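Working notes, beginning with the structure itself.
The values are calculated or read from the model by the stated rules, or taken from the named source; none is laboratory data. No experiment lies behind these values; they were computed from the predicted model shown. No Cβ is skipped: glycine too gets one built from the backbone with ideal geometry, and neighbour counts run over all protein chains shown. Ligands, DNA and RNA are stripped out before the accessible areas are found, and what is left, the full protein with its side chains, is counted by its heavy atoms. Shrake-Rupley method; radii C 1.70, N 1.55, O 1.52, S 1.80 Å.
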Amino acid sequence: MGNRKVIEQYYCDIDNLAKLLTNFVSSYRLLIGGAAELNQITPATKHDVKKAIKRVDVMGDIIDELLESIQECEENYIDYCKIKSDVISCKIQKNIISTEIDQEISFSNEELKKEKLKKEAMKPRSNEEDKQE
């Protein structure tokens, strides 16, 4: 399963790009708001407003490049997931999956029983329960 590690890291890279995009979009929105506020302030010069708008444009270009990168990565990752799904569908038998599900359910039920017994053991016992024993 060595390839799985590579794909998991690839997914992490895509996730990191998405987080980066979120941060850049937030910055972009703040820059737009700042430019709008600067435009409304009487002492602000046209030069200051133009510089603020230029910063917004630069951030917009960065966001566009980031979106392109994410789109390319997502396409590759989605292709990987589809291929993996096809291979798994061809190779795995239904009875194996059914057995795994049954084992998981059985394990979950055992865990629930253990937790219930723990809780009951921790409950303080009343005097009537002591007399019955």
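Considering only residues in segment 6-50 that are hydrophobic (A, V, I, L, M, F, W, C), within 18 Å of the chain's Cα centre (by Cα) and closer than 22 Å to ASP61 by Cα, the one that is least open to solvent (accessible area, probe 1.4 Å) turns out to be ILE14.
Any residue that is under 18 Å from the mean Cα position of the chain (by Cα), on the phi < 0 side of the Ramachandran plot and β-branched (Val, Ile, Thr) - is there at least one of those in segment 53-60?
Residues of segment 53-60 that are under 18 Å from the mean Cα position of the chain (by Cα), as a first pass: none.
Looking for residues that are under 18 Å from the mean Cα position of the chain (by Cα), on the phi < 0 side of the Ramachandran plot and β-branched (Val, Ile, Thr), one finds none in segment 53-60, hence no.
Based on this model, can you work out whether CYS81 counts as within 28 Å of the chain's Cα centre (by Cα), modelled with pLDDT under 80 and under 30 Å from ARG4 (Cβ atoms)? In short, yes.
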